[in-house]
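Peer 1: Got a structure for you, written out below as structure tokens; questions coming shortly.
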Amino acid sequence: MWARTWRLRGDAPGQLPGAGLGGPAVYAFLHGQQLALALLHRDQGVVGMVSQSEDGETLARLLTALGYGLVRGSSSRGALSALRGARGALEGGRRIAVAVDGPRGPRGRPQEGVFALAGGTGAPLVAARCRARPVLCLRSWDRFEIPLPFAEVEVRYISVRSPPGRDGWPAAAAELERALSDPSAR
């Protein structure tokens, strides 16, 4: 009910553009923006990648209740099994959502694992950027955002190239970082 009070703006907020991309896709977002995105995209058949930590266990229960499939693992624990599970989901026609900035930092800087996933499978890579105002910003490493009731929530989906080889990953990471942080990026 809380999310239903939000005034949605942007690119078809509440609907992932997977069908327009031909099915499976990798959606990249920042950790701090995950609450609004999770609530907006509930029950849409998305598979979320969730760490095997204690915090991840709490998130896994929430996402399951919201209708998400899960792949467990992160860059610090269970990376290979998470990558295999995510690839399997993509090959099965599913859409994957991945927080691309890790707790090892720096905040807001995409790590390269998302390019191994998207580039290795040929699935489109889409930056999912979310801005909410007013928002409660926690004092956590990721500055976790909680949009307040009746907040204006703007969602943008920006296609980002995902090179198949490691040589192109640094430039693609810079492009993805821009897409996730620059309000003028489209």
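Computed from the coordinates by the stated procedures, all read-outs in this text should not be read as laboratory data. Computed from a predicted model, the values in this text were never measured in an experiment. Quick reminder, even Gly has a Cβ in these numbers, built from the backbone with ideal geometry, and neighbours come from all protein chains shown.
Peer 1: Taking amide hydrogens as modeled 1.01 Å from N in the peptide plane, which residues meet the under 5 Å criterion relative to ARG95, leaving out close sequence neighbours?
Peer 2: Excluding prolines and chain starts, which carry no amide H, the hits are ALA25, VAL47.
Peer 1: While we're looking at this one, here's another question. Just want the ordering: LEU136, LEU125, from fewest to most Cβ atoms lying within 10 Å of their own Cβ.
Peer 2: Ranked by crowding around the Cβ, least crowded first: LEU136, LEU125.
Peer 1: For a quick check: with amide H placed at 1.01 Å from N, whose amide H comes under 5 Å from TRP6's, ignoring anything fewer than 5 positions away on the same chain?
Peer 2: PHE150
Peer 1: Output the peptides 164-176, 106-118, 43-55 sorted from most to least packed, where packing is the average of other Cβ atoms within 10 Å over each peptide's residues.
Peer 2: Taking the mean over residues of other Cβ atoms within 10 Å, the ranking is 106-118, 43-55, 164-176.
Peer 1: If I compute Cα extents along the principal axes in Å from the structure I just sent, which labelled value in [x] 57, 37, 27; [y] 57, 37, 32; [z] 43, 36, 32 lines up?
Peer 2: The value matching this structure is [z].
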